[in-house]
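First the structure, in the form of structure tokens, and then the observations on it.
The values are calculated or read from the model by the stated rules, or taken from the named source; none is laboratory data. Note that the coordinates shown come from a computational prediction; the quantities given were computed from them, not determined experimentally. Virtual Cβ from ideal backbone geometry, glycine too; neighbours counted across all protein chains shown.
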Amino acid sequence: MNPDSPRLRLGIVGIVVFSLFAAMFARVSFLQVVDADRYTQVSEANRVRVIVEEAPRGRILDTTGKVLVDNRSSRVVTIERDELDALDASARQALLSRLATELTSFGVPTKVSRLERRVVDPQYNPLQPIPVAIDVSPEFEVFLTERGVDFPGVSVRRETVRNYPFGASAAHLVGYVGRISAEEYAVATEVSAAATQAAARGEPPPDVDGGVIATAALTKPYQPDSGVGRTGMERAYEAVLRGVPGRRTVEIDSSGTPVRTVEVVAAIPGDDIQLTVDIDLQERAEAELAAQLEALRGTRVRAGAVTQAPAGAVVLADPSNGSIRALASYPTFEPADFVNGISVERYEALTGGAATENPLINRAVSGQYAPGSTFKPLTAWAALASGSRGHRGDLQRSGLLPGRRL
């Protein structure tokens, strides 16, 4: 056959065209049939955004019903990481510098370095706004709303944070809340996934042995920026105090702008707990402890040494049932310092001194002290129970029986 024959050339072109259409048909079939589920999920993820909203934690009450730890609404400045990453290096630096300057001028001292650490922190969900400042004023919210063009990706949202009506009183007892660590979040995510799979199979939740975080994660999933109890009752009753997060599903367009709300699942607040502690006795115990330590400082003991008296503890228990009525530790701290994360400077100020001066140590349960005269009532009871007369004079001289004052 002549290579220059039009029929041959048309045949070759037809074979090429058929091959191209066959390859395209095979690829379309693969995408729409074989791999359809995966691409449907990817498409759905690009179309909607699920925003998880933390639930308010339960309150902590004293024995009379007074609120020791509550919740309050706070204005929190957030940054959308996607919009920030879309800026070039100079525009990004200018935005953070401008934001730090304005926050400082409105009474919230902020450094650019702190903002930079926040926005690159891998623990924050890239789809969630990153909190960079808390408790901003209504005036700053208005200022930011009016100048939204100058602060792309920056907004103010309302968030529930912990509130402490009695300040530092009972700080060691109630504890404080901090952000979940990467290790804790990994455990919580694994437990939540196992619980979800068990529920899908109609099985009971799996048994866990990973501490309070894992126990709570069975029914109350965590996010990378969730708050968790760090010490005290906040830690011990994490599974009770933590609420079930809410969920808001928003449809977005190609530019990431919200178009409409698809679904809203309301958050369920955590349960309250009531302690046997009486806050009036607690405040009195703390005041008397501080005063007694102050009076002891500088005095001399038998060996001639000067008493330092840097710290101490007081525990008041009800002898009828053993319930704790007051539990004081000195020195103390302000739990409010840990709301939305404590600054490095403040934390170093609390922990940078000697161990005897560290206010974060709960000396009522973790301090090491000689028992001293607390053992005397036991020996007195033993003597009286045995009916021994020979010890009565010794008991009177020691002040444990009438006849001699302590």
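Scanning the range 215-235 for residues that are free of Cβ contacts under 8 Å to residues at least 60 places away in the same chain, surrounded by fewer than 22 Cβ atoms within 10 Å (Cβ to Cβ) and aliphatic (A, V, I, L, M) yields a single hit, 218.
Within the bounds of the range 295-309, is there any residue that is modelled with pLDDT of 90 or more and surrounded by fewer than 18 Cβ atoms within 10 Å (Cβ to Cβ)? Within the range 295-309, not a single residue is modelled with pLDDT of 90 or more and surrounded by fewer than 18 Cβ atoms within 10 Å (Cβ to Cβ).
Can you confirm whether residue 278 is closer than 23 Å to residue 359 by Cα, acidic (Asp, Glu) and crowded, with 18+ Cβ neighbours inside 10 Å? Spelling it out, residue 278 is indeed closer than 23 Å to residue 359 by Cα, acidic (Asp, Glu) and crowded, with 18+ Cβ neighbours inside 10 Å. Taking the range 130-153 as the range and being of a type in the set (Gly, Ala, Ser) and either in contact with a Gly (Cβ under 8 Å, 6 or more places away or on another chain) or modelled with pLDDT of 90 or more (or both) as the test, only 137 passes. Pairs linking a residue in the range 313-342 that is not assigned by TED's automatic domain parsing to the domain that holds residue 108 to a residue that is aromatic (Phe, Trp, Tyr), with Cβ atoms under 7 Å and 6 or more positions apart or on different chains, are 335/164; 335/176; 336/164; 338/176.
Is it the case that residue 193 is under 19 Å from the mean Cα position of the chain (by Cα) and not acidic (Asp, Glu)? For residue 193, the condition - under 19 Å from the mean Cα position of the chain (by Cα) and not acidic (Asp, Glu) - is not met. Checked against the criterion of being under 30 Å from residue 330 (Cα atoms) and either touching a residue at least 60 places away in the same chain (Cβ under 8 Å) or surrounded by 21 or more Cβ atoms within 10 Å (Cβ to Cβ) (or both), the range 150-159 has no qualifying residue.
With respect to the conditions (1) among the β-branched types (Val, Ile, Thr); (2) exposed (fewer than 14 other Cβ atoms within 10 Å of the Cβ); (3) closer than 17 Å to residue 128 by Cα; (4) touching a residue at least 60 places away in the same chain (Cβ under 8 Å), residue 261 falls short on a single one, namely (4).
In the list 95, 87, 103, which residue meets the criterion of being surrounded by fewer than 18 Cβ atoms within 10 Å (Cβ to Cβ), hydrophobic (A, V, I, L, M, F, W, C), assigned by TED's automatic domain parsing to the domain that holds residue 175 and not in a strand (DSSP E or B)?
Values: 95 fails: surrounded by fewer than 18 Cβ atoms within 10 Å (Cβ to Cβ); 103 fails: surrounded by fewer than 18 Cβ atoms within 10 Å (Cβ to Cβ).
Checking each option against the conditions leaves just 87.
Out of the range 198-216, which residues are among the hydrophobic types (A, V, I, L, M, F, W, C) and farther than 30 Å from residue 329 by Cβ?
198, 199, 200, 208
Annotation: residue 108 fulfils all but one of (1) in a helix (DSSP H, G or I); (2) among the hydrophobic types (A, V, I, L, M, F, W, C); (3) without any contact (Cβ under 8 Å) to a residue 40 or more places away in the chain; the unmet one is (1). Among the residues of the range 291-301, is there at least one that is within 30 Å of residue 50 (Cβ to Cβ) and not in a loop (DSSP other than H, G, I, E, B)? Among the residues of the range 291-301, not one is within 30 Å of residue 50 (Cβ to Cβ) and not in a loop (DSSP other than H, G, I, E, B), which makes the answer no. Out of curiosity, is residue 217 more than 28 Å from residue 336 (Cβ to Cβ) and either hydrophobic (A, V, I, L, M, F, W, C) or in the same structural domain as residue 160 (by TED's automatic domain parsing) (or both)? No, not satisfied.
Looking for something out of contact with any helix residue (DSSP H, G or I) (no Cβ under 7 Å at 6 or more places or on another chain) and among the acidic types (Asp, Glu) - is there at least one such residue anywhere in the range 214-234? Yes - at least one qualifying residue is present in the range 214-234. The condition of being modelled with pLDDT of 85 or more and among the aliphatic types (A, V, I, L, M) holds for only one of 28, 33, 69, 48, that being 69.
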